[in-house]
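The values are calculated or read from the model by the stated rules, or taken from the named source; none is laboratory data. Note that the coordinates shown come from a computational prediction; the quantities given were computed from them, not determined experimentally. With ideal geometry, Cβ positions are generated from the backbone for all residues, glycine too; neighbour counts draw on all protein chains shown.
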Amino acid sequence: MSYQVLARKWRPRFFDEMVGQEHVLRALINALNEGRLHHAYLFTGTRGVGKTTIARILAKCLNCEQGVSARPCGECSSCKEIAEGRFVDLIEVDAASRTRVEDTRELLDNVQYAPTRGRYKVYLIDEVHMLSTHSFNALLKTLEEPPEHVKFLLATTDPQKLPVTVLSRCLQFSLKNMTPERIVEYLGKVLQAEKIGYEEPALWSLGRAAQGSMRDALSLTDQAIAYGEGDVSESHVNAMLGTMDRGRLFRLAGIMAKGDAGEILAETASMAEHSPDYDEIIQGLLHIWHRASLAQVVPDAIENTEGDREAILQLSMAMPAEDLQLCYQIALQGRKDLALAPDPRQGFEMILLRMLAFRPAPDVVPELDLESALEKKKSLTPSIAPIDSAPEDVNDTPAGSGSTTDDVPVVTPLAENETPTTPQEAEPLPPKSASSESVPNEQPAPDQPAPDQPAPDQPAPDKIISPHIDELVQPSEVGLPVESIDELAPSAPIVTEIAPPSGDSLDTPASSRTPIADILNAPAPLADHSGTASQAPEPPSVATQPSATETSTPVREEHNPAEGVENLAPLAPHTWYQWVEYLPLAGLPMAIAKNSAYIGEEDGLMVFDVDTAQSALYNDSQKSRVESALRQLVPGAKILMTLRPPRGETPEQRRHRLKTEALYGAKHAIDSDPVVNQIINDMGGQVLEDTVRPNT
């Protein structure tokens, strides 16, 4: 028997074998079951998504000898003849080759005759938009009022070319493109049944290359099987398609995060040896940067379907959010200009150099090896069917059984990439950091131990306890989302040692000292012009930084959610912000909880209003996780969560309000400070309001 291509061999025979298109199948199945059949159906969509397949299955449902139903028997002579393409009452017309009006009139002359064998005479007109205007005019009357035994099934890839008079006479169904996830899942089932070894990354390459067409994906799979001598491997598929390996794309993205122009040009030269499609490389980088931006906002939204979650998380922590947005925007606009470049490689290099030109140089060069992280994930996620062995029993092996993300440990972002900060490294911190503003350049007093030496056993100087780590490091400066910084509060407070004040200042009341002088570190000559400057204490010494052991491990320890709740005030709308911190949640569920307002108890239910801004992320799964966490704190509670504008203040709104009030207070303190006003008046100084940061 001759070989049959996969696209024909695996064409669905029944509606339940279709992949996707649920919105179309539901309408057709209900119409068949209830007997509400229209006389003309129009199926639109791109090539290879199932237009003709659905039309043939519908014809089989209409003419099955067991009766009209959504599930034909597939065993009667009518079903077999339709499947084999020789049913006399199924007239398939290729409109692309029969465009003349004479062909249409000849077709319509036979409409009036009753079907020969079946229950209905079905006219399947493919690529109907290719008919001429006269052919459409000849078809209109019959299409509007056909005989009861006639059904018209029209299929087209370009519905815009159809006259509105034809569209108004048909029930139109728009078929969607297939997602790469659906294509990969279906290809895995097909290759398992065919007992052909494959690698899952190879299927992802085929799924993306198919561009939404299942038929194209099966045709490319046939080609890949022939190219790989019976196997489908990632290297063979990339060589066949001429695509760039994803490991090299991640390597280039990692070099961009470092900002090393020399490495970028060297990597570009290495890529140029393979004559790649530079537009495709830019598309791959856009895809990586998009996922990295999502990881900064909602880390839990990054799935491991492509085996690159660990690499994406590393990249999201290495690049600030504004840098990712800058690279994405420049690459997006650069694709338009790439065709205008005299040489594609030249245009590609200029796009990358443009990103470096408009991007500020990083204070600390991150150490990234995204390609290794990607390879590690591939080793942790084995292929569904290894290359060297075919599946033993197709029926016992479910699709995608080897591809799982449940066993892969979740990467803790801060623990993977955080670099211990020592006193010697205090200078490279960004200017926005509060710690860099409070560190003077003066040498420590002789009777005080140096900052980089352990202090002797003696009475400790005065200490200021800073309970919030976000005073030292801003989220945008390390490329972490704001929620991640809030969740990673240190278990031990950060201690800042203050040098003992001079003898004159010991007798000065604390209320007469100028707090702003500590921040500005005003020199002595300028301080003489102020009435209170001479009474100000000396600038603080270098802050004692956390040890490497403290900063290299997650600072938030696991604890029982119920521990500490008894010390809180009773749960009420105004105390909800305290309770939410004890919920055993993280990521997206915690974000939903913090954007919810507790209204109170109504009819025995704890009522919560979820902010409508979370509607894109809020679903039943996240709702159940939040409710389960609440019941751990309040056992037996009955909870009602509603997506609506909050009737009270959410914890997130409270955080923003306090932050705004603190910023306003800091600006007011600077504006009313006599030292600042003296500097502005005498030296023409100017306060940069964008750089003002509150102490708390």
Fill in the blank from the handout: Scanning the stretch 297-332 residue by residue, the ones that are in contact with a Gly (Cβ under 9 Å, 6 or more places away or on another chain), assigned to a helix (DSSP H, G or I) and among the aliphatic types (A, V, I, L, M) total 7
Exercise for the section: Determine if the stretch 103-116 includes at least one residue that is touching an Asp or Glu at 6+ places or on another chain (Cβ under 9 Å) and either assigned by TED's automatic domain parsing to the domain that holds Asp16 or surrounded by 15 or more Cβ atoms within 10 Å (Cβ to Cβ) (or both). Expected result: yes
Problem - Spans of strands (runs of 3 or more DSSP E) in the stretch 60-166 with at least 1 residues of a type outside the set (Phe, Trp, Tyr) and farther than 14 Å from Ala40 by Cβ - result: 90-94, 121-126
Fill in the blank from the handout: Ala261: passes all of (1) surrounded by 20 or more Cβ atoms within 10 Å (Cβ to Cβ); (2) among the small types (Gly, Ala, Ser); (3) at pLDDT below 90 but (1)
Handout entry: Residue check for Ser219: among the polar types (S, T, N, Q), surrounded by fewer than 20 Cβ atoms within 10 Å (Cβ to Cβ) and modelled with pLDDT of 90 or more
Key = yes
Handout entry: Selection within the stretch 637-696 - aliphatic (A, V, I, L, M), surrounded by 11 or more Cβ atoms within 10 Å (Cβ to Cβ) and outside the structural domain of Tyr618 (by TED's automatic domain parsing)
Key = Leu658, Ala662, Leu663, Ala666, Ala669, Ile670, Val675, Val676, Ile679, Ile680, Val687, Val692
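Listed here are the residues, each with its yes/no results for (1) out of contact with any strand residue (DSSP E or B) (no Cβ under 6 Å at 6 or more places or on another chain); (2) closer than 26 Å to Pro299 by Cα.
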position: Ala591; (1), (2): yes, yes
position: Glu601; (1), (2): yes, no
position: Val607; (1), (2): no, no
position: Ala613; (1), (2): yes, yes
position: Lys623; (1), (2): no, yes
position: Glu627; (1), (2): no, yes
position: Pro635; (1), (2): yes, no
position: Asn695; (1), (2): yes, no
Practice task
Would you check if there is a residue in the stretch 606-617 being touching an Asp or Glu at 6+ places or on another chain (Cβ under 9 Å) and either exposed (fewer than 14 other Cβ atoms within 10 Å of the Cβ) or part of a loop (DSSP other than H, G, I, E, B) (or both)?
Solution key: yes
Fill in the blank from the handout: From the option list Arg119, Arg71, Arg100, single residue qualifying as closer than 22 Å to Phe14 by Cβ, surrounded by fewer than 18 Cβ atoms within 10 Å (Cβ to Cβ) and touching a His at 6+ places or on another chain (Cβ under 9 Å) is Arg119
Completion exercise
Within the stretch 1-59, residues being at pLDDT below 90 and in contact with a Cys (Cβ under 9 Å, 6 or more places away or on another chain) number 0
Exercise for the section: Would you mind telling me which numbered condition in (1) on the phi < 0 side of the Ramachandran plot; (2) over 32 Å from the mean Cα position of the chain (by Cα) Gly35 fails? Expected result: (1)
Exercise for the section: Please work out if Cys73 is assigned by TED's automatic domain parsing to the domain that holds Ile29, on the phi < 0 side of the Ramachandran plot and touching a Leu at 6+ places or on another chain (Cβ under 6 Å). Expected result: no
Exercise for the section: Go through the stretch 198-216 and give me each residue that's over 23 Å from the mean Cα position of the chain (by Cα), over 20 Å from Arg11 (Cα atoms) and either at pLDDT 90 or above or hydroxyl-bearing (Ser, Thr, Tyr) (or both). Expected result: Tyr198
Exercise for the section: State whether the residues of the stretch 363-379 include one that is in a loop (DSSP other than H, G, I, E, B), modelled with pLDDT under 85, over 23 Å from the mean Cα position of the chain (by Cα) and not β-branched (Val, Ile, Thr). Expected result: yes
Problem - Restricting the stretch 41-68 to residues that are of a type in the set (Gly, Ala, Ser) and surrounded by 21 or more Cβ atoms within 10 Å (Cβ to Cβ), the residue that is farthest from the chain's Cα centre (by Cα) - result: Ala59
Exercise for the section: Kindly check whether there is at least one residue in the stretch 140-156 that is among the hydroxyl-bearing types (Ser, Thr, Tyr) and exposed (fewer than 14 other Cβ atoms within 10 Å of the Cβ). Expected result: no
Completion exercise
Listed by first then second residue, the pairs whose first member lies in the stretch 227-254 and is touching a residue at least 40 places away in the same chain (Cβ under 8 Å) and closer than 14 Å to Pro201 by Cα, whose partner is among the hydroxyl-bearing types (Ser, Thr, Tyr) and buried (at least 21 other Cβ atoms within 10 Å of the Cβ), with beta carbons under 9 Å and at least 6 positions apart or on separate chains, are Asp231/Tyr198; Val232/Tyr198; Val232/Thr221; Ser233/Tyr198; Arg246/Ser205
Completion exercise
Note: among Asp279, Asp323, just one is more than 30 Å from Leu617 (Cα to Cα) and at pLDDT 85 or above, namely Asp279
